[in-house]
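A.B. asks: Dropping a structure here in structure tokens format, bear with me for questions.
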Amino acid sequence: MKTVITELLGIEYPVIQGGMAWVGTAELAAAVSEAGGLGIIGAGGAPASWGEEQIHKVKEKTDKPFGVNLMLLNPEADAIAELLVKEEVKVVTTGAGNPEKYMEEWKKAGVRVIPVVASTALAKRMEKAGADAVIAEGTESGGHIGETTFVPQVVDAVNIPVIAAGGIADGRGMAAAFMLGAKAIQMGTIFVASKESIVSEAYKNKVIKAKDIDTKVTGRTTGHPVRCLRNQQTREYLKLEQAGASFEELEKLTLGGLRKAVVDGDVIHGSVMAGQIAGLVKDSRSCKEIIEGICREMKDVVLSQAENIGR
């Protein structure tokens, strides 16, 4: 299944794994890449030494292209940016900021740069700075989110390829993204529940059992909205938000929350980040089954709709 993105990145399917902190480890990234998509190591707030270890692990598991997601608020962002060049990582996705200060060095090293954008203005700026593509991430996503769904607006605003993220977990969603002008999709929640994901079984099970109404967005009052599956932590957080709690008090409640859920399996007090489409994830499948299945479904959907339109 070829698009401008598969050609650009040297992958088989236009499917990119979201760069999820604590979730996007070497095991998951390698599995996604081996299955024909683009696996992503989620550096999150981890030190550069952890990133280096994960990169080496992926290289041991696959010779397929993979990438690293750099959260620009990471205190070691400069060191990780240099590490990507040193280790000859093929692709970097970025979030939580503007990566322009690293662009020249990355481009000289042949790194494909794909920033996550939260507005058409940032998309245009990234194109001007030399980005190879941009990821338009909608409010349906899990974890840290924007407040809009704006794929077609980004498509109209730039000439570089646009990757749609948020609210995609089956062939219908993929087909819709392509109809809006995207050249690839990024998925996170469905890969959280994959067989190769090393997140706790409690986390996987909570995603698999989720219903359509089970996600909540916390942090809107702080300007840092986060979408999670509802639990005791989200209830306490939202109660504090409504009471006008300070940013510091709210941050204290969620400190280390994602690690609690992913590593410790505490899905009561931890941050169980997941997108609105968690309700579509009904089981745990391999990354190969997920990627091949969604691309097959997309083709079936497109053909079916074409037949309906022709009647």
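The values are calculated or read from the model by the stated rules, or taken from the named source; none is laboratory data. Predicted model, so just to flag it, every value in this text is computed and none were measured. Every residue, glycine among them, receives a Cβ derived from its backbone with ideal geometry; neighbour counts consider all protein chains shown. Only protein heavy atoms, including side chains, enter the accessible area calculation; ligands, DNA and RNA are left aside. Shrake-Rupley method; radii C 1.70, N 1.55, O 1.52, S 1.80 Å.
A.B. asks: Please give the per residue accessible area of the chain, computed with a probe of 1.4 Å over protein heavy atoms only, in Å².
C.D. replies: Working: 14120 Å² over 311 residues.
Solvent-accessible surface per residue comes out at 45 Å².
A.B. asks: Note down the net charge around VAL117, summing +1 for each Lys or Arg and -1 for each Asp or Glu among other residues with Cβ under 11 Å from its Cβ.
C.D. replies: Numbers: positive: LYS124, ARG125; negative: GLU127, GLU137.
Here the count lands on 0.
A.B. asks: When the Cα centres of segment 10-34 and segment 48-63 are compared, how far apart do they sit, in Å?
C.D. replies: 13
A.B. asks: State to the nearest 20 debye the size of the charge dipole of the chain about its Cα centre, where the only charges are +1 on K and R beta carbons and -1 on D and E beta carbons. Write down the numbers at each step before the final one.
C.D. replies: On the way: 36 positive and 40 negative charges, 123 e Å.
So the dipole magnitude of the chain works out to roughly 600 debye.
A.B. asks: Send over the semi-axes of the chain's equivalent ellipsoid, whole angstrom and largest first, taken as the square roots of 5 times the C-alpha gyration tensor eigenvalues.
C.D. replies: Ellipsoid semi-axes (Å, largest first): 27, 24, 20.
A.B. asks: Using packing as a proxy for protection, rank 196-207, 102-113, 237-248 so that the peptide with the highest average count of other Cβ atoms within 10 Å comes first. Intermediate results must be reported in sequence, preceding the final value.
C.D. replies: Numbers: 196-207: 20.0, 102-113: 16.8, 237-248: 12.8.
Packing order, densest peptide first, comes out as 196-207, 102-113, 237-248.
A.B. asks: Now a separate question. Carbon and sulfur together cover what percent of the accessible area of the chain at a 1.4 Å probe radius?
C.D. replies: Values: 7290 of 14120 Å².
Carbon and sulfur atoms account for 52 percent of the accessible area of the chain.
A.B. asks: Which ³J(HN,Hα) values, rounded to whole Hz and listed in residue order, are derived for segment 47-54 from phi using the Karplus coefficients 6.51, -1.76 and 1.60 in 6.51 cos²θ - 1.76 cosθ + 1.60 with θ = phi - 60°, glycine and proline given as x?
C.D. replies: Values per residue, Gly and Pro as x: x, 4, 4, 5, x, 4, 4, 5 Hz.
A.B. asks: Okay, moving on. Roughly how many debye, to the nearest 20, is the charge dipole of segment 1-91 about its Cα centre, given +1 on each Lys and Arg Cβ, -1 on each Asp and Glu Cβ, and no other charges?
C.D. replies: Numbers: 7 positive and 13 negative charges, 49 e Å.
Roughly 240 debye for segment 1-91.
A.B. asks: Mind listing the phi-derived Karplus ³J(HN,Hα) values for segment 270-281, rounded to whole Hz, using 6.51, -1.76 and 1.60 with θ = phi - 60°, and x for any glycine or proline?
C.D. replies: x, 8, 8, 5, 6, x, 4, 7, 3, x, 8, 8
A.B. asks: Based on alpha-carbon centroids, what's the gap between segment 237-311 and segment 93-146 in Å, whole number please?
C.D. replies: 22
A.B. asks: Another question, then. Give the lysines whose C-alpha is closer than 17 Å to that of LYS128, dropping any in the same chain fewer than 8 places away, or say none.
C.D. replies: Within the straight-line cut-off, LYS128 pairs with LYS101, LYS107, LYS108.
A.B. asks: Students often check this: by mean Cβ neighbours within 10 Å, which of 37-48, 291-302 ranks highest, and how do the rest follow?
C.D. replies: Numbers: 37-48: 24.4, 291-302: 17.8.
Result, highest mean first: 37-48, 291-302.
A.B. asks: Of LYS57/LYS260; LYS204/LYS260; LYS183/LYS216; LYS61/LYS90; LYS64/LYS282; LYS183/LYS206, which ones are farther than 19 Å apart at the Cα? The partial results should precede the final answer.
C.D. replies: Values: LYS57/LYS260 24 Å; LYS204/LYS260 13 Å; LYS183/LYS216 29 Å; LYS61/LYS90 16 Å; LYS64/LYS282 29 Å; LYS183/LYS206 31 Å.
From LYS57/LYS260; LYS204/LYS260; LYS183/LYS216; LYS61/LYS90; LYS64/LYS282; LYS183/LYS206, over 19 Å: LYS57/LYS260; LYS183/LYS216; LYS64/LYS282; LYS183/LYS206.
A.B. asks: What number comes out for the charge environment of GLY166, summing +1 per Lys or Arg and -1 per Asp or Glu over other residues with Cβ under 11 Å away?
C.D. replies: On the way: positive: ARG227; negative: GLU137, GLU140.
Net charge around GLY166: -1.
A.B. asks: Then there's this: Given an 8 Å cut-off on Cα distances and at least 6 residues of separation, report the relative contact order of the chain as a percent. Intermediate values should be presented prior to the final figure.
C.D. replies: Numbers: 659 pairs, mean separation 52.3, N = 311.
It rounds to 17 percent for the chain.
A.B. asks: Dipole of the chain (Lys/Arg Cβ +1, Asp/Glu Cβ -1, origin at the Cα centre): which of GLY138, PRO75, ILE41 lies farthest to the positive side?
C.D. replies: Looking along the dipole axis, the top candidate is GLY138.
A.B. asks: From the protein chains alone at 1.4 Å, what is the descending order of accessible area for LEU9, LEU280, largest first? List each step's numbers first, then the result.
C.D. replies: Values: LEU9 10, LEU280 85 Å².
So, going from the largest accessible area down, we get LEU280, LEU9.
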